[in-house]
Structure formats: C-alpha cells, structure tokens
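Visitor: Structure provided below as structure tokens; questions to follow.
The values are calculated or read from the model by the stated rules, or taken from the named source; none is laboratory data. Since this is a predicted model, take the numbers as computed values, not measurements. When we count neighbours, we look across all protein chains shown, and the Cβ atoms used for this are built from the backbone with ideal geometry, even at glycine.
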C-alpha cells in the first residue's frame, strides 16, 4: 500500500460525507460564502456615482424651478436631439451677450434610490470622479498581488492561517475605510488592505472541505460555494436599498465576518495538508475529531501507519508562482489563463458598475437580476462539465461569451456611427 493510500484509508474510516462534512458545508461553504461575498463586494455599491447636478445660486424671482435650472445650468444638445442639464458646469449671466461658464462648487444629488455614497459624501464627481476609478484600480492591484501571495502562503503554512488572516485583513481594511472616509489616502489604503486577501478565505474553506471529502464531492462543493456567492450578490443591493446610507451598509455587511473571526480557532486544519507536510500527530488529531462527530473511529493500525510512514511523504520545498512559467507549454497556458481571467473580470465588474449606476430605473433591482442569473448558469455549467468535461465546457462558454460581447460592441459602435453621421449632416446643412 502506498503512503498516499494510508490517508485515503483513514478518511474512509472517519467518514467522507458524515455529519461533520454536512455541518461544515452549511456553516462555511454556504453561509460564509453568502456573507463574505457581501462584505467583500460592498465597496462596489458604496462607490456608485449617483445622478447629480450643479447646485444653482439663489434663484431669482419669476422663474420656476425648471426655468431656473435652465438659466443657471447650461443645457447642451445630444445627437438624438434631447436636451440634458449639465452635471458639472454652471453659467453666470453678466450681460445678455456675455456668459461665464465655470465648474460647480456644490452639487445637488438625486437621493431617489441612494441616501448617500462615498462619492456623494466626498463630491467625487466630474473632475474628481477619477478618485473613484483609482480606488477600484488600486483595489484590483492589491487583489492581484494578494492572490499570488496567499496561493503560496496557503500551501506553505496551511489552510487555517490563510483563512484567519484573510478574515482579519477584510475586517481591518473596511474599518479603516469607514473611520477615515474623509481622507482619500487612508480610504484607498483601507480598500487595498480589504482587497488583498481576494477570495482566499472561501478558497481555504473549499480546500479543507475537498480534502476531507470523497473525490466525487469536489464539484458539488464548488457548486455550493458559487451558488451561495451569487445569492450574496443578490442580497447585497437589496440590503443597501433598505439601509440607504453607505456607512451603515458597510458596517452591517462587514460585521457578519466577526463571528467567523472570533471562532476561527475552532476550524480544523486540513488533515491532508498536515499529512503531506510531515505533521502526522496533528493529522491524527484532526481525523479523530472528524471521526468523533461522525460517530466513527480511526483504527489504531491506521494511526500507526500514518505515524510510521510520514517520513516518506511531504514537500521538501514550497512551489512559488514562478513555477507556473517553468516550461514553455506551462507558461503559454498560464498566460492564456491570465488573459482570460482579466477579460472576464473587467467585463464582469463593468457590468456590475453599470447596473449600480442605472438612473432610468431601480439600480438595486437591476443589480439583483444580474446576480440572480448566475444561479442557473452555475447549474448549467455543472451539468455540462459532467457531460462534456472541463476542457470543452470552458472553450464553449468562452466562445459564447466572446460572441455576445462582440454583438453588443458592434451594436453600440453602429449606433454611435449613425448618430455621428446625423450630427455632421445637421451641421453641414445648418
């Protein structure tokens, strides 16, 4: 019997899908996934740029509110001949033929849906809207670096420390952003700290769950986590719709992580990771705990085999991110995966931001429907993987997504070309 078989034998004895695994799924793969998704992505809605206009000076008499706005805020013609009030400039009329247009000093925000956001509180609009873009960009940079770090850290020091540190960074980062929201530098720092662990708290949980379960349950565990995350994205905008204030929203969604951090000492370390990394005594301790909850027992002979054979197992060195480029074929595959992940992330985040800033309807419902559609997609993907395999499913989904984005892009491009031609013709024949 190989050394790897000793661990599989031990896992069979303690139970691969007993009470312990079911409880673990409910508390972590499902509930934590819902709550973590809200806590990690709440900053997207908090940074929404809500509709705004310049705050006009004291309105003169004999002008209605609409007339006053047209007098104080310069309108401009769109290509479709509709007139829209400017959101960033204000005109001061000194003489009938001498108007002065300047940038707004104060803004009036449309609070129909959002009571407040980070951008409305700090006036990150118009020329200052770049602040919001920079927050998201720096957060993604922190997420990228954190993904590389925690990928190595989890394999080297264990799933449990990776999980605890990820929770701590998320809570700490959000707390810094809340307390120092008036300071752009400190606010960005808090967002970077919160984004640094990426989704490694959930990934650590999934790895532990996979490594204490039978191979047949691996796809099921991933499906649980993804569906729960989508439900978290559905609940998040509805919660903001109810609370309306961005600080209250961030506090409520982030504080849900505190119980998991406080009781993080109770979570087990992956027995398989302990076994592979030459820690047989700790491995046996975790297996005994699983067996006790599952009303099973670990045979003494199996324990002795794990103890005696542990010296033949283990990784002599941890593999770092550069190992992904150790050969030509591996480097090409890694590069293609990175390009795919970047394109998917950009399109996904842009679509989320667009739905959150929707001004001609309820932005929260738009956000919710967009997240809810992911649930049947996860079921479809799981079914296709079982029927076609991972390779063909991935290729088919990537191709289908590419076609859809090309159609949308060509439609918008065609619409803009028609409007530009119409505008040029109207100028020519004017």
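Visitor: Pick out, from segment 332-430, the helices (runs of 4 or more DSSP H) lying fully within it that include 1 or more residues that are at pLDDT below 85, more than 27 Å from the chain's Cα centre (by Cα) and surrounded by 13 or more Cβ atoms within 10 Å (Cβ to Cβ).
Guide: Where helices (runs of 4 or more DSSP H) fall fully within segment 332-430 and carry at least 1 residues being at pLDDT below 85, more than 27 Å from the chain's Cα centre (by Cα) and surrounded by 13 or more Cβ atoms within 10 Å (Cβ to Cβ), they are 374-388, 390-428.
Visitor: Here is a list: 80, 99, 134. Which entry is farther than 29 Å from residue 197 by Cα and modelled with pLDDT of 55 or more?
Guide: Within the list 80, 99, 134, the selection yields 99.
Visitor: I've got another one for you. Kindly establish whether residue 150 is touching a helix residue (DSSP H, G or I) at 6+ places or on another chain (Cβ under 7 Å), assigned to a helix (DSSP H, G or I) and over 21 Å from residue 36 (Cβ atoms).
Guide: Judged against the criteria, residue 150 is not a match.
Visitor: While we're here: Among the residues of segment 177-189, write down those that are surrounded by fewer than 24 Cβ atoms within 10 Å (Cβ to Cβ) and either within 19 Å of the chain's Cα centre (by Cα) or part of a loop (DSSP other than H, G, I, E, B) (or both).
Guide: Listed by number, the residues that qualify are 178, 180, 181, 182, 183, 187, 188, 189.
Visitor: I'd like the full set of residues that are assigned to a helix (DSSP H, G or I), crowded, with 17+ Cβ neighbours inside 10 Å and at negative phi, limited to segment 103-135.
Guide: Within segment 103-135, 118, 119, 120, 131, 132, 135 qualify.
Visitor: Assuming residue 209 fulfils every condition listed in (1) assigned to a helix (DSSP H, G or I); (2) in contact (Cβ under 8 Å) with a residue 40 or more places away in the chain; (3) surrounded by fewer than 18 Cβ atoms within 10 Å (Cβ to Cβ) apart from one, which condition is it?
Guide: Failing condition for residue 209: (3).
Visitor: Does segment 55-73 contain at least one residue that is more than 33 Å from the chain's Cα centre (by Cα) and modelled with pLDDT of 70 or more?
Guide: Within segment 55-73 (the criterion being more than 33 Å from the chain's Cα centre (by Cα) and modelled with pLDDT of 70 or more), the answer is yes, since at least one residue qualifies.
Visitor: Only one of (1) farther than 23 Å from residue 27 by Cβ; (2) modelled with pLDDT of 90 or more; (3) surrounded by fewer than 17 Cβ atoms within 10 Å (Cβ to Cβ) is not met by residue 161, so which one is it?
Guide: Single failed check for residue 161: (1).
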